Amino acid sequence: MVWQPEIDELHHRKELAAQMGGKENVERSHKRGKLTIRERLEKLVDPGSFQEIGGLSGSSSYKDNKLESFQAASPVIGICTMNGRKVVINGDDITIRGHGTVADKGGFSRSLALDWKLPYVHLLEAVGGSVKTFETIGRTYIPVNSGTYRLEELMQ
């Protein structure tokens, strides 16, 4: 097959993305009694209904034009059904430390829900910010989020 090397590469990247933040970070979450985002999705959505969007977005590095490493973006977003109703769902992978936003997947999921007039489910694990920053400035704050206005629209 002409495209087989490219198809194999896509499968390889999907396998890397499925490793989330790595075995150690997944185990650390489990020891704290937490499920990974993919485990939570599996328990929450109707079986077989989750269709991930942007699962191959993230950060990668190359050596000699060959993929050396890949770290998936933290947000896992998609469309699924819950109790038979189609929804847009978004959840952060807490096993990826210092994940930051890649390609604004969260903003995309909110816009998708609004545009398609679908319910929006956000499995929120944390809102961001830095403990070090909190210690330095002596207080906490709500981190600036460019998508906050979309959340307000979704609640109407």
Out of (1) touching a residue at least 40 places away in the same chain (Cβ under 8 Å); (2) farther than 20 Å from residue 113 by Cα, the odd one out for residue 27 is which? (1)
Filter the stretch 36-59 for residues that are without any contact (Cβ under 8 Å) to a residue 12 or more places away in the chain and touching a Leu at 6+ places or on another chain (Cβ under 9 Å); the one that is surrounded by the fewest Cβ atoms within 10 Å (Cβ to Cβ) is 43
Tell me, please, whether a residue that is touching a Gly at 6+ places or on another chain (Cβ under 8 Å), part of a helix (DSSP H, G or I) and at pLDDT 90 or above can be found in the stretch 13-22. no
Give the residues of the stretch 62-98 that are in contact with a Phe, Trp or Tyr (Cβ under 8 Å, 6 or more places away or on another chain) and without any contact (Cβ under 8 Å) to a residue 24 or more places away in the chain, sorted by residue number. 68
Regarding residue 56, is this residue part of a helix (DSSP H, G or I) and under 30 Å from residue 153 (Cα atoms)? no
Restricting the search to the stretch 43-73, which residues are small (Gly, Ala, Ser) and within 22 Å of residue 119 (Cβ to Cβ)? 48, 49, 54, 55
The conditions are (1) in contact with a helix residue (DSSP H, G or I) (Cβ under 7 Å, 6 or more places away or on another chain); (2) surrounded by fewer than 20 Cβ atoms within 10 Å (Cβ to Cβ); (3) of a type outside the set (Phe, Trp, Tyr), and residue 91 fails exactly one of them. Which is it? (2)
Can you find, within the stretch 17-35, the residue that is farthest from residue 73 (Cα to Cα) among those that are buried (at least 17 other Cβ atoms within 10 Å of the Cβ) and not polar (S, T, N, Q)? 26
Looking at the stretch 119-131 only, could you name the residues that are at pLDDT 70 or above and either charged (D, E, K, R) or more than 24 Å from residue 35 (Cβ to Cβ) (or both)? 125
Inside the stretch 78-99, can you point out the residues that are closer than 15 Å to residue 18 by Cβ and of a type in the set (A, V, I, L, M, F, W, C)? 96
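The values are calculated or read from the model by the stated rules, or taken from the named source; none is laboratory data. Because the structure is a prediction, the values reported are computed rather than measured. Note: ideal-geometry Cβ built from the backbone for every residue, glycine included; neighbour counts use all protein chains shown.
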